[in-house]
Amino acid sequence: MPVEALFGISEPGESRVKQVCKGRAVGIDLGTTNSLVAVVQAGQPVCLRQDGSALLPSVVHYAADGSVIVGQRARALAFGAPRDTIASVKRFMGRGPDDAEATRALTPYRFATGPTALPVVRFSVAGAREVTPMEISAEILRVLKARAEAELGGELDGVVITVPAYFDDGQRQATRDAGRLAGLEVMRLLNEPTAAALAYGLDKQAEGTFAVFDLGGGTFDISILKLEGGVFEVKSTGGDSALGGDDFDRAVAGHFLQAMGLPGDAGGDASVARAVLDAARRAKEALTTESETTVSVALPSGEPWQGGLSRAELDHLVRPVLERCGPPVRRAIRDAGIAAEGLSGVILVGGATRMPMVRRFVADLFGKEPLADIDPDQVVALGAAVQADLLASGGRGDVVLMDVVPLSLGLEMMGGVAEKLIHRNTTVPCGAVQTFTTYADNQTGFDLHVVQGERELVADCRSLARFKLGGIPPMTAGMARLKVTFTVDADGILSVAAREEHTGQEAAIRVKPSYGLTDDEVERMIRDSFDHANDDMGARLLTVERVEADRILGATRAALASSADLLVDDEGKAIEAAMAALELAKSGTNHLAIRGAIQSLDEVSKELARRRMNAALEQNVRGQALDLVEKKVTST
Ligand code: ADP
Ligand code: MG
């Protein structure tokens, strides 16, 4: 039970000191479709290439002999060994087994079902291996690490990895874990849209609000960023996690199949379907620079088929898919509380925004030409490199970001009530300190339960972590002073520390959120808290009063048992009656009635309490009356 709210601390920078490092630091865009690594050389960020390409396909193949293949070669193997070749693993980051269950129908993967230490998705792959999304991502990171180390000639000192702005604690933690597994010192996680803005040097502008339009292979993200005094704040995010360049490929492939006289699934011939999809992607990409292109594909009969596609035809085919970007954009602008005209600029991110028709669509949607001078494939990695360089040089790297805590963080109180220490939308890094005490006499430890959510009852919030603080000598209820500190660092990761002030006993935990909260869940939890605000408050008040009633009933019962000799006249009966009334009120649901009954019991037992205290003091202070003792205390 909180006895006093002490003070709130918010000391930006404190948790970042350790992140400053020297020397070789790189930025990594760990993408759903492609990943890149970039570094600042001679003051300019550049993407590092391997075999002529900056893009590393985010595909990992697990071979039966135990070897692991990443990138272009893995992508080529996906067709023959779809279950052992994991693509788009980013979609599974920070997800629990239940989330995998939901997507099972959509993916060719096998998921492990046995018991597990961590509540995370595990893929069953060749060689009887089970791998988590963090391990798979770590394979991608290892390749980029090796690429960077070869280029820079030595071990990396630190990296900045980008994540979508909407990633929750669990997804961010999973990304950090992936970095750690790859042997990287992750200096910080950076929001992808913020990285793009940094690559354009927008942080050097006075201020403004920017939209970042990111259309990748399989995802569409829209973010509205506000820049003020060199600090970016994510005002709103939105998008569609099942919309991207891959959908354009499918639209074009459907068109080709029709021209071949084949049904939409290529007559069930997976190899033809795959070849057509590949041809569609090549045609789409070619039409970004050409106005016409031809493709050839082997038909099921083995005969070659040749077809052509013009840019006008492509525009027509992908238009319906592209239109789906409209509603999330309008919503994000609305959520940010601005008008489209109020935007200072629009930044293009993602390979699919190279397409001329996408650029035109964006220009129409926002009513202004988007910024597109920097390669949209590379812009996120380049911005991450800029940030890494700032951090590594001990520069002002820590001022360019501002994120918020997406859901309130708190502790479970007696009776299952959630006490919020850090409120939703507090800017990180942030912290809060609050002091708690024991509920029962002779309690020798605290069970701390850290929860996340907007609701008043723990049962309606998300459990983040539990830990214990023990080793406290038996004390009267209310004597212990447990100081609990919540700190959220710049990456949005929570640490909780507890210290009992009398004994100095300490316990701390770095909260590893139970992986697996989906965006929808975050949204639902916030929505629910509004929907239930009234009954929640009622439930909370009721619980608090019931807990208090139990405490008083217990204490009074104990007093009656030990001090029967101190009772006068009908006092005992009056107290019993007040107790019975309180029991009755407690079984009801009116918190005001319980409060009233508590006050009545207090009233009738006040004199007894006074006599008991006097008696106790008499023993200690050898016969001095309470009044005298009180005087003595106040006069010294
Ligand atoms: P992600 O952020 O998901 O990793 P990317 O930003 O790398 O994805 O975008 C990948 C998508 O961009 C793919 O659908 C790819 O076909 C598309 N793409 C890449 N280059 C071009 C191009 N020149 N023209 C059209 N689409 C392109
Ligand atoms: Mg991307």
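The values are calculated or read from the model by the stated rules, or taken from the named source; none is laboratory data. This one's a predicted model, so the numbers in the text were calculated from it and none came from an experiment. In this analysis, Cβ positions are derived from the backbone assuming ideal geometry, glycine residues included, and neighbour counts consider all displayed protein chains. With ligands, DNA and RNA removed, areas are computed over all heavy atoms of the protein, side chains included. Shrake-Rupley method; radii C 1.70, N 1.55, O 1.52, S 1.80 Å.
Structural remarks
- Close pairs from segment 40-59: first in contact (Cβ under 8 Å) with a residue 12 or more places away in the chain and within 20 Å of TYR200 (Cβ to Cβ), partner part of a loop (DSSP other than H, G, I, E, B) and acidic (Asp, Glu), Cβ under 6 Å, at least 6 apart: none
- Filter result for GLY217 (over 25 Å from GLY337 (Cβ atoms), assigned to a loop (DSSP other than H, G, I, E, B) and within 16 Å of ligand 2 (Cβ to nearest atom)): yes
- Some residue of segment 156-172 being more than 16 Å from ligand 1 (Cβ to nearest atom), under 27 Å from ASP98 (Cβ atoms), open to solvent by 20 Å² or more (accessible area, probe 1.4 Å) and not small (Gly, Ala, Ser): yes
- If the condition is being under 28 Å from LEU343 (Cβ atoms), open to solvent by 40 Å² or more (accessible area, probe 1.4 Å), out of contact with any strand residue (DSSP E or B) (no Cβ under 8 Å at 6 or more places or on another chain) and modelled with pLDDT under 90, then segment 368-423 contributes ARG396, ASP398, PRO406.
- Test: residue in segment 180-203 that is part of a helix (DSSP H, G or I), buried (at least 24 other Cβ atoms within 10 Å of the Cβ) and touching a Pro at 6+ places or on another chain (Cβ under 6 Å): yes
- Count of segment 225-256 residues which are aliphatic (A, V, I, L, M), open to solvent by 20 Å² or more (accessible area, probe 1.4 Å) and either more than 16 Å from ligand 2 (Cβ to nearest atom) or not in a loop (DSSP other than H, G, I, E, B) (or both): 3
- If you go through segment 274-294 and keep only what is touching a residue at least 60 places away in the same chain (Cβ under 8 Å), surrounded by fewer than 21 Cβ atoms within 10 Å (Cβ to Cβ) and in contact with a helix residue (DSSP H, G or I) (Cβ under 7 Å, 6 or more places away or on another chain), you end up with just THR288.
- Within the option set ILE161, ILE222, being farther than 17 Å from LEU36 by Cβ and either within 13 Å of ligand 2 (Cβ to nearest atom) or in contact (Cβ under 8 Å) with a residue 12 or more places away in the chain (or both) holds for one residue only, ILE222.
- Neighbours by Cβ (under 8 Å, 6+ apart or cross-chain): first from segment 326-353, outside any loop (DSSP other than H, G, I, E, B) and basic (Lys, Arg); second open to solvent by 10 Å² or more (accessible area, probe 1.4 Å) and within 16 Å of ligand 2 (Cβ to nearest atom): ARG331/GLY238
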